[in-house]
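Remarks on the structure that follows.
Coordinate-derived values only; no laboratory data. Just so it is clear, the model here is predicted, and its values are computed rather than measured. As a convention, Cβ positions derive from the backbone with ideal geometry for all residues, glycine included, and neighbour counts pool all protein chains shown.
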């Protein structure tokens, strides 16, 4: 080989390496990443449906391939079967909206053992899970600050009824970690006020059951001044019970749902809510997954919050219902 040819080859290799390093530095890659969506709560419910749509929309924008988008139908056994199917597909990552916090831990364990990154969206993972202690095998938990957000609802109640009064709680479905967290936060928010919780009943996240719960509570405590509902759907049902009973009670919900926002704008018993954004939340989670897959981030049990403002009729334009 001539000396001139050798120099030319070396120069070419230097240029190739420099180009490769430059592309890497700019975050460019030829790899197509794959993800699966485990929607354990199910597409039959508006909130997880909006989350799943947000995940899929951001995946498309980022050029990530969705290899499975499975509906667990709010059935832990169905979700467990779906996760086994996902593992067989060997995706790079899984965005999970689990139906049951305790059951989800074993599913995350199996995905992690298969070398698959997992981000939980909106839902805690693990028995007796808390916001402050993210399940260790998760890459990240993208969620509303449930305690902080429900404390906002409590402070709204204090402002609405500065002279205090009796309060009834409409709780979500048993098995969801959010039930205890949203109660804890609300109680923190009303601390120091003259508001007193006198009764509580479950509404299982459903409007008709929320209505029935408030009917029952009003029967035993007709002088209730305010209901705190752990979701807008139950809250809208509760407001119907208030109206039917001729009560003057106010209702404060959680979630910023389309039903809740319509009720707030209409006026009447539905006083306010705290604005959750499930579609945006799904997009945030997918972006977080992508950044971890590409090496921009190296999360391990990372807690990720987004802003959830309190909403009344006065500032209703700041919350567009996403579910």
> How far is helix 76-89 tilted, in degrees, relative to the longest principal axis of the Cα atoms in the chain, given as a value from 0 to 90 rounded to the nearest 10?
Replying inline: 10 degrees
> Once the mean 1/r over all distinct Cα pairs of the range 172-323 is inverted, what Kirkwood radius in angstroms do you read off?
Replying inline: 16.6 Å
> Angle, helix 101-113 long axis vs. longest principal axis of the chain, Cα atoms, 0 to 90°, nearest 10?
Replying inline: 0 degrees
> So how far, in whole Å, is the C-alpha centre of the range 26-66 from the one of the range 211-225?
Replying inline: 42 Å
> If you average over every viewing direction, what projected area does the convex hull of the Cα atoms of the chain give, in nm²?
Replying inline: 19.8 nm²
> Sorting 319, 275 on the 10 Å Cβ count, fewest up front, what's the list?
Replying inline: 319, 275
> Nearest 10 degrees, 0 to 90: what angle lies between the long axis of helix 3-25 and the longest principal axis of the chain (Cα atoms)?
Replying inline: 0 degrees
> Taking springs between alpha-carbon atoms closer than 10 angstrom, which of 125, 198, 170 fluctuates most in the Gaussian network model of the chain?
Replying inline: 198
>> Which of 258, 194 has the fewest other C-beta atoms within 10 Å, and how do the rest follow up to the most?
In response: 194, 258
> Distance from the Cα centre of the range 169-195 to that of the range 248-271, in angstrom?
Replying inline: 18 Å
> With a 10 Å Cβ neighbour count serving as the proxy for reagent exposure, in which order, fewest first, do 288, 155, 182 appear?
Replying inline: 155, 288, 182
> Hey, how much of the P(r) for the range 146-224 falls beyond 23 Å, as a percent of Cα pairs?
Replying inline: 18 percent
